[in-house]
Amino acid sequence: MRTVKFGDPDIEVINFDDVTSGERVLEFHYREPSTPRNAFAAIIIPDGGDWSQARLSIDPSLKEVSANLVRALINFSENLVLEESALGETNDIYDNPLDGTH
């Protein structure tokens, strides 16, 4: 789990592999006491997929999300996946997330 700053407030990032679906998930939670701890967004990479198949899911109860925040979430997620792949910290389906090779 990491806490990152994309503006205000801080955002907690939870990075995990969903054992029930096999998907790689990066969840984003606001870290404000007045805000519920539910994820407001998630980047999901399907089982056996690569970065080119990543999807962004936004909590439907939100009225809107700034385009700058969406861009920051996507850039952060892509960089994290690439960094982990370079370090060999994830399983082999993420070895080269840009071109889908294993």
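The values are calculated or read from the model by the stated rules, or taken from the named source; none is laboratory data. Everything numeric here is computed off the predicted structure, so don't read it as measured data. Positions of Cβ are backbone-derived with ideal geometry, glycine not excepted, and every protein chain shown enters the neighbour counts.
Consider segment 22-45. How many of its residues are in a loop (DSSP other than H, G, I, E, B) and either within 26 Å of Asp8 (Cβ to Cβ) or at pLDDT below 90 (or both)?
The first filter runs over segment 22-45 and keeps only residues in a loop (DSSP other than H, G, I, E, B), leaving 22-23, 31-40.
Retained after the next criterion (residues that are either within 26 Å of Asp8 (Cβ to Cβ) or at pLDDT below 90 (or both)): 22, 31-40.
Selection size over segment 22-45: 11.
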Study note, to complete from the structure: Scanning segment 6-21 for residues that are under 14 Å from the mean Cα position of the chain (by Cα) and under 13 Å from Leu69 (Cα atoms), the one modelled with the highest pLDDT turns out to be Ile11
Exercise for review: Consider only pairs whose beta carbons are under 6 Å apart and that are at least six residues apart or on different chains; among these, list those whose first residue lies in segment 54-69 and is at pLDDT 85 or above and whose second residue is β-branched (Val, Ile, Thr) and not in a strand (DSSP E or B).
Suggested key: Ile58/Val65
Revision key, fill the gap. Here the residues within segment 51-77 that are assigned to a loop (DSSP other than H, G, I, E, B) and either within 13 Å of the chain's Cα centre (by Cα) or exposed (fewer than 12 other Cβ atoms within 10 Å of the Cβ) (or both) are Ala54, Pro60, Ser61, Leu62, Lys63, Glu64, Ser66
